[in-house]
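A.B. asks: What follows is a single structure, and I will ask about it in a moment.
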Amino acid sequence: MYPQFLAELGYYCTNKSKEDYNLEKPEEFWQKGGHWKNRADRQPFFAIFNHTISHESQIRNEIPEEAKIHDPAKAPIPPYHPDTPEVRKDWAQYYDRLTMMDKLVGQNLKELEDAGLTDDTIIFYYGDHGSGMPRHKRWTYQSGLRIPMIVHFPEKWKHLAPKGYEPGKASDRLVGFIDLAPTLLSIVGQEPPSWMQGNAFAGKFETPTPKYLFGFRDRMDERIDCVRQTRNQRYSYLKNYLPHKPWGQYIQYMFVTPTTQVWHDMYQRGELNSVQSQFWQTKPSEELYDLQNDPHETVNLASSPDHADVLAEMRQAHAGWSATVKDVGLLSEYEFHKRSRDADKSIYEMGHAPELFDHAAVFAAANLATSLKKEDLPNIVKLLDSEDSAVRYWGAIGLLTQGVDGVNAGQEALLAALTDSSLIVQVTAAEALGRYGDEEDLSAALPVLVKHAQPESDAYLAIAAWNAIDYLDDRATSVAEELAATSPSPVNPPNRANKYSVALKTKIMADLGVAVEEPKKKKKKG
């Protein structure tokens, strides 16, 4: 991790205090105390301060009336959100929280000034995603990906600033979070290692301005998704690899926000316009937006003949990036963890070993499978004959995405896939047959899904199985009692994964109208 490089160079590294890394820290490289003031005399430092007062959870926490700052009546409402009192209140409170956060940042800067370090310190200021409102945080639209980024180089260190740097001026260079690590190493004079994917935008090893930025969305809490995003200065392109899933899948944590609840309920009642309704519907295979003329990304130009050349360019850029980084996210989460474990390699090493991950074959299969074109169905069915389990997985996904037409075209292959050597292929085939097959297909599919939802399953396989069951709706009624008696908690789950199956079971049982007895809490001794 990049602070290790800085620590090895003698920097006093502190973090206050969020550590949502989604990986196991290799060692304790943060100094205790969480503040640069605790370093040795004149020791160089690298300090991170996270202010969670503007976190998503704070939007839904009530602020005392006398502490409120912004008038909900004046809150700017994006066109995809309904204009209701609940939505206006959430947006106003979001801006309240930003104002509170700015004051905390001011305190951080005052500490530097009081210590006489303002002229010695390079400062980075940024958010970590779009606002905590629905369709912002977690989504690959600019509302979720675009953040504030301010960098200050004092006169002493201006030779390390980006080319053309001027205080108080804006830059149109495309910058992503993945650039931060190589940029910090470049600033301290160390060449970034070749395995770092980002571009240094300052320092000794500053790189030319990139033409594209890349974003992604995969599983978010309990919900599985797979979206890849590519943008240049003007256009943003999204490839939806699970187009049969809506943008607004039910996520327990997200649905605590009043805006989410109101927006969803209004959609169910048919009270939204087409732009506001889109979030709750299934996705197209591709999306293309003109950020200059459509900053809210509401007009999809992917099928526009006038933008065919732009679409082709963005597709090519996406394909090039995917091949370069060996995008293991094109494997299911279950699959890339399994291949990594079986080979006793890190996921990165597995992804870069051709004998373990044939990226070209999997990329081609994923794009064929998600074309949403009926004429591709015969070739999609053939994917289920591949020797590569990842290609077979995309064959099952491809039939699932085309609903009844897909199942009718590949029914025999899907039934055979219920006993596939790859368990994630079994789950995907079972979902397709369970959702769109006849009663015999449903009877064959349900035992497979119930089996893999059991606690003995791999945590990521169990999450996939519970997701599939949820999308069966009333077709899962016959196994409702069996599911109610099943513990959704996998054996030895990785951090956090345990609660996601629990959240899915809770929703499914509520939808099916089945009461589930809460486990009794053990009495504390004494």
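A.B. asks: Can you tell me which residue is farthest from L6 (Cα to Cα) among those in the range 180-221 that are among the charged types (D, E, K, R) and over 18 Å from the mean Cα position of the chain (by Cα)?
C.D. replies: Here the residue is K211.
A.B. asks: Here's something else I'd like to know. Give just the number: which of (1) out of contact with any strand residue (DSSP E or B) (no Cβ under 6 Å at 6 or more places or on another chain); (2) without any contact (Cβ under 8 Å) to a residue 60 or more places away in the chain does Q281 not satisfy?
C.D. replies: (1)
A.B. asks: Please determine, by comparing only the residues of the range 291-300 that are without any contact (Cβ under 8 Å) to a residue 24 or more places away in the chain and open to solvent by less than 70 Å² (accessible area, probe 1.4 Å), which one is nearest to A353 (Cα to Cα).
C.D. replies: N300
A.B. asks: Here's something else I'd like to know. Out of A445, A453, A465, I need the residue that is more than 27 Å from N379 (Cα to Cα) and crowded, with 22+ Cβ neighbours inside 10 Å. Which one?
C.D. replies: When all the criteria are applied, what remains is A453.
A.B. asks: Is it the case, given these coordinates, that E375 is closer than 20 Å to R315 by Cβ, surrounded by fewer than 21 Cβ atoms within 10 Å (Cβ to Cβ) and acidic (D, E)?
C.D. replies: In short, yes.
A.B. asks: A366 is checked against (1) small (G, A, S); (2) more than 19 Å from the chain's Cα centre (by Cα); (3) in a helix (DSSP H, G or I) and fails just one. What number does that condition carry?
C.D. replies: Every condition holds for A366 apart from (2).
A.B. asks: For Q402, state whether it is at pLDDT below 95, more than 19 Å from R219 (Cα to Cα) and either open to solvent by 10 Å² or more (accessible area, probe 1.4 Å) or small (G, A, S) (or both).
C.D. replies: For Q402, the condition - at pLDDT below 95, more than 19 Å from R219 (Cα to Cα) and either open to solvent by 10 Å² or more (accessible area, probe 1.4 Å) or small (G, A, S) (or both) - is not met.
A.B. asks: Only one of these conditions is not met by F357: (1) in contact (Cβ under 8 Å) with a residue 12 or more places away in the chain; (2) open to solvent by less than 30 Å² (accessible area, probe 1.4 Å); (3) assigned to a helix (DSSP H, G or I). Which number is it?
C.D. replies: Tallying (1) in contact (Cβ under 8 Å) with a residue 12 or more places away in the chain; (2) open to solvent by less than 30 Å² (accessible area, probe 1.4 Å); (3) assigned to a helix (DSSP H, G or I), F357 fails exactly one: (3).
A.B. asks: Mind listing whichever residues of the range 193-229 are of a type in the set (S, T, N, Q) and either within 23 Å of F336 (Cα to Cα) or surrounded by fewer than 20 Cβ atoms within 10 Å (Cβ to Cβ) (or both)?
C.D. replies: Scanning the range 193-229 gives S194, Q197, T207, T209, Q229.
A.B. asks: What do you reckon, is S303 small (G, A, S), under 30 Å from A462 (Cβ atoms), more than 15 Å from the chain's Cα centre (by Cα) and surrounded by fewer than 21 Cβ atoms within 10 Å (Cβ to Cβ)?
C.D. replies: So S303 does not fit the description; no.
A.B. asks: Being part of a helix (DSSP H, G or I), over 22 Å from K283 (Cβ atoms) and at pLDDT below 95 is the requirement here; does A416 meet it?
C.D. replies: For A416, the condition - part of a helix (DSSP H, G or I), over 22 Å from K283 (Cβ atoms) and at pLDDT below 95 - is not met.
A.B. asks: For the range 311-351, name all the residues that are open to solvent by 30 Å² or more (accessible area, probe 1.4 Å), in a helix (DSSP H, G or I) and either among the polar types (S, T, N, Q) or over 25 Å from W195 (Cβ atoms) (or both).
C.D. replies: Answer for the range 311-351, where residues must be open to solvent by 30 Å² or more (accessible area, probe 1.4 Å), in a helix (DSSP H, G or I) and either among the polar types (S, T, N, Q) or over 25 Å from W195 (Cβ atoms) (or both): A312, E313, R315, Q316, T324.
A.B. asks: Within the range 255-262, can one find any residue that is more than 19 Å from the chain's Cα centre (by Cα), under 30 Å from K499 (Cα atoms) and hydroxyl-bearing (S, T, Y)?
C.D. replies: yes
A.B. asks: Filter the range 50-75 down to residues that are outside any loop (DSSP other than H, G, I, E, B) and at pLDDT 95 or above and give me whichever is most open to solvent (accessible area, probe 1.4 Å).
C.D. replies: Step by step, filter the range 50-75, then rank; the result is K74.
A.B. asks: How many residues are assigned to a loop (DSSP other than H, G, I, E, B), open to solvent by less than 40 Å² (accessible area, probe 1.4 Å) and either hydrophobic (A, V, I, L, M, F, W, C) or under 14 Å from Y126 (Cβ atoms) (or both) when one looks only at the range 174-192?
C.D. replies: 2
A.B. asks: OK, next. Restricted to the range 1-44, and to residues that are in a helix (DSSP H, G or I) and open to solvent by less than 70 Å² (accessible area, probe 1.4 Å), which residue is nearest to D218 (Cα to Cα)?
C.D. replies: Y2
A.B. asks: Still on this structure, I have one more. Would you check which residues across the range 269-285 are touching a helix residue (DSSP H, G or I) at 6+ places or on another chain (Cβ under 8 Å) and over 19 Å from M220 (Cα atoms) and list them?
C.D. replies: Passing the criteria: L272, Q276, S277.
A.B. asks: A further question on this structure: Within the set of pairs 6 or more residues apart or between chains, which connect a residue that is open to solvent by 70 Å² or more (accessible area, probe 1.4 Å) inside the range 159-170 to a residue that is at pLDDT 95 or above with Cβ atoms less than 7 Å apart?
C.D. replies: K163/E206
A.B. asks: Let me confirm something: among G130, G168, which residue is modelled with pLDDT under 95 and touching a Leu at 6+ places or on another chain (Cβ under 9 Å)?
C.D. replies: G130
A.B. asks: Quick check on this structure: which one of A459, A485, A432, A396 is surrounded by fewer than 24 Cβ atoms within 10 Å (Cβ to Cβ) and free of Cβ contacts under 8 Å to residues at least 40 places away in the same chain?
C.D. replies: So the residue among A459, A485, A432, A396 that is surrounded by fewer than 24 Cβ atoms within 10 Å (Cβ to Cβ) and free of Cβ contacts under 8 Å to residues at least 40 places away in the same chain is A485.
The values are calculated or read from the model by the stated rules, or taken from the named source; none is laboratory data. No experiment lies behind these values; they were computed from the predicted model shown. FYI the Cβ positions are ideal-geometry reconstructions off the backbone, even for glycines, and counts take in every protein chain you see. To get the accessible areas, we keep the full protein, side chains included, count just its heavy atoms, and leave off ligands, DNA and RNA. Shrake-Rupley method; radii C 1.70, N 1.55, O 1.52, S 1.80 Å.
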